[in-house]
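**Student:** Please read through the structure below; I'll follow up with questions.
The values are calculated or read from the model by the stated rules, or taken from the named source; none is laboratory data. Just so it is clear, the model here is predicted, and its values are computed rather than measured. We place every Cβ from the backbone using ideal geometry, glycine too, and count neighbours over all the protein chains shown.
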Amino acid sequence: MIPGGAAGIAARVAARSITARAVAERALAAAEHAAGLNFFTDLVPERVLQQADAVDRALARGEPAGPLAGVPVVLKDLIDQAGRPTTAGSGFYRPVPDVSAPVTDRLESAGAVILGRTGLHEFAFGFSSENPWWGPVRNPWDPSTSAGGSSGGSAAAVAAGVAPLGIGTDTGGSVRVPAALCGLVGLKVSHGRVPLRGVFPLAASLDTVGPLAATVDDAALAYDATAGFDPDDPWSSPRPVDRPAGPAALRGLRVLVPLPWTDRPLDTAVSTGFGWALERLEDQGAEVDRVELSWLLPDRNMTIALGAEVAAIHRRWFAEDPGRYGADVARRLDRVMAVTADDLVAALRWRAGVRHRFAELFGRIDVVATPTTAVMRKAIGVEDVETEAGAEPYRRALSWFTAPVNHLGVPALALPLAAEGTPPPSLQLIGPMWSESRLLEIAKGMEASGIVAPAAPIGDGD
């Protein structure tokens with residue numbers, strides 16, 4: 001990919017020192033080179049080049065360049081793009097929308113070129129992107145391992161150097177988990193910050209749309225382009241969007257490490273990297289406090305609340321023919337179909353309680369810090385992962401630190417650490433509602449201080 005990431009590409013295209021078409025051609029060549037990683041479900045080179053040519057023509061007419069001028073962006077294949085089928089990673093769902101989702105429109109209005117549509121865990125209901133209909137998405141760091149999920153295709157394409165920006169969705173960690181496993185920055189926004197209209201739902205009260213990028217600046221560019229109110233989306237908030245500024249000072253930053261949430265088996269790289277990051281923050285003048293908050297632990301009510309919404313979406317299709325789903329998702333759907341109204345009411349009561357208690361923390365602190373995932377590698381086709389305490393089911397290890405955040409509704413960032421690991425261990429920063437800009441500014445400060453660093457796998461798409 002063109003050096004400089006999304007910001008560098010946009011600047012050069014705007015200055016007309018390189019054409020959007022040349023950028024698109026290089027991205028398409030990188031995609032062909034990395035085809036074995038299996039991250040595209042839909043890639044039409046002619047359409048990509050036509051869109052790039054339109055950017056170049058607009059600049060030639062003297063029209064102002066958008067902030068993503070000529071930047072290739074990959075789009076998770078459950079976000080509508082006019083004229084292209086939305087599969088949601090399924091074996092049977094194939095509508096072709098006449099109009100794009102607002103997220104897609106906003107990216108294109110900013111000058112981005114949609115490079116292609118990317119693979120995911122079937123109907124976004126899982127964390128491995130090992131899809132029975134489309135095949136597994138492979139991690140550029142090690143193709144025998146998962147790219148994570150459910151937005152695995154978008155993460156793998158960015159990590160492989162094919163596109164500087166990927167767009168995913170996050171209902172329980174589906175942006176942050178693949179960001180961690182692929183060595184990327186991944187932003188889970190506040191619920192209601194980015195429109196959900198035109199996005200196939202997993203659980204709409206938890207769903208969010210967010211970027212994956214190699215750097216914090218690039219993630220901030222994508223956030224800035226996509227965030228904002230959509231009056232036609234019932235989940236969208238009219239609250240004004242604060243735009244990210246430069247790096248925040250780390251001195252005096254109040255960081256809370258929640259126990260026993262973070263006191264659980266990790267793999268060695270995660271354990272070492274998390275401790276290293278906290279020490280470096282303290283070296284920069286941050287105040288790091290470890291506090292007992294047992295109510296922040298993952299809770300079975302999360303599964304119940306999520307499951308009730310998933311069941312409502314899939315009930316008719318599943319009843320008609322459960323065989324149209326892959327075995328993994330079919331087993332999970334069978335379980336969630338048993339959730340009762342009483343179960344759901346109790347789960348929503350629990351959710352309201354933890355949201356209120358979490359909001360109260362931020363009078364005394366700035367951010368909550370955890371690892372992003374408990375492990376950094378998940379072998380394709382293997383159901384368990386290894387921690388320092390032994391094997392455990394991969395879904396539990398990958399979602400332990402991410403899933404509770406969606407029930408809180410708040411934003412969170414997954415950040416690749418400048419620490420040893422292949423891929424490097426990932427740190428999660430969690431903020432209060434609507435604090436995306438503040439989180440991005442803190443993350444920029446951590447990049448500037450050498451705590452967070454862009455990472456690229458061996459054999460990337462460059």
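**Student:** Got a sec? Which of GLY153, GLY246, GLY183 is surrounded by 24 or more Cβ atoms within 10 Å (Cβ to Cβ) and either at positive phi or more than 14 Å from the chain's Cα centre (by Cα) (or both)?
**Tutor:** Selected residue: GLY183, the only one of GLY153, GLY246, GLY183 that is surrounded by 24 or more Cβ atoms within 10 Å (Cβ to Cβ) and either at positive phi or more than 14 Å from the chain's Cα centre (by Cα) (or both).
**Student:** Quick one: which strands (runs of 3 or more DSSP E) lie wholly within region 352-462 and hold at least 3 residues that are at pLDDT 95 or above, within 22 Å of LEU187 (Cβ to Cβ) and not aromatic (Phe, Trp, Tyr)?
**Tutor:** 367-371, 412-416, 426-430
**Student:** Same structure again: List the residue pairs whose Cβ atoms are under 9 Å apart, where the first residue sits in region 200-224 and is under 22 Å from PRO404 (Cβ atoms), the second is aromatic (Phe, Trp, Tyr) and part of a helix (DSSP H, G or I), and the two are 6 or more positions apart or on different chains.
**Tutor:** LEU202/PHE123; GLY210/TYR223; PRO211/TYR223
**Student:** Looking at this structure, is LEU107 surrounded by 16 or more Cβ atoms within 10 Å (Cβ to Cβ) and in a loop (DSSP other than H, G, I, E, B)?
**Tutor:** no
**Student:** Pick from region 354-372 the residues that are basic (Lys, Arg) and out of contact with any Lys or Arg (no Cβ under 8 Å at 6 or more places or on another chain): which of them is surrounded by the fewest Cβ atoms within 10 Å (Cβ to Cβ)?
**Tutor:** To start, the set of residues in region 354-372 that are basic (Lys, Arg) comprises 355, 357, 364.
Right, trim to out of contact with any Lys or Arg (no Cβ under 8 Å at 6 or more places or on another chain) and you get 355, 357.
Numbers: ARG355: 15, ARG357: 13.
Only one residue fits best here, namely ARG357.
**Student:** Search region 306-351 for residues being outside any helix (DSSP H, G or I) and of a type in the set (Gly, Ala, Ser), and hand back the single one that is farthest from SER190 (Cα to Cα).
**Tutor:** Ranking the qualifying residues of region 306-351, first place goes to GLY326.
The rows are residues; the columns are (1) more than 22 Å from LEU306 (Cα to Cα); (2) touching a strand residue (DSSP E or B) at 6+ places or on another chain (Cβ under 7 Å).
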residue: GLU360; (1), (2): yes, no
residue: ARG395; (1), (2): no, no
residue: THR422; (1), (2): yes, no
residue: SER426; (1), (2): yes, yes
residue: ALA453; (1), (2): yes, yes
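**Student:** To continue, here is another question. Taking the conditions exactly as written (surrounded by fewer than 17 Cβ atoms within 10 Å (Cβ to Cβ), within 28 Å of ASP289 (Cα to Cα) and touching a residue at least 40 places away in the same chain (Cβ under 8 Å)), does ARG351 satisfy them or not?
**Tutor:** no
**Student:** Could you figure out which of (1) buried (at least 24 other Cβ atoms within 10 Å of the Cβ); (2) touching a residue at least 60 places away in the same chain (Cβ under 8 Å); (3) under 15 Å from VAL209 (Cα atoms) isn't true of GLN81?
**Tutor:** (2)
**Student:** Right, another one. Could you tell me which residue of region 300-329 is farthest from the chain's Cα centre (by Cα), considering only residues that are farther than 23 Å from ASN406 by Cα and hydrophobic (A, V, I, L, M, F, W, C)?
**Tutor:** The qualifying residue farthest from the chain's Cα centre (by Cα) is ALA319.
**Student:** Can you say whether ALA286 is farther than 28 Å from SER150 by Cα, buried (at least 20 other Cβ atoms within 10 Å of the Cβ) and out of contact with any Pro (no Cβ under 6 Å at 6 or more places or on another chain), as far as the supplied structure shows?
**Tutor:** When the stated conditions are applied, ALA286 passes them.
**Student:** State whether the residues of region 264-280 include one that is surrounded by fewer than 18 Cβ atoms within 10 Å (Cβ to Cβ), among the hydrophobic types (A, V, I, L, M, F, W, C) and more than 27 Å from CYS182 (Cα to Cα).
**Tutor:** no
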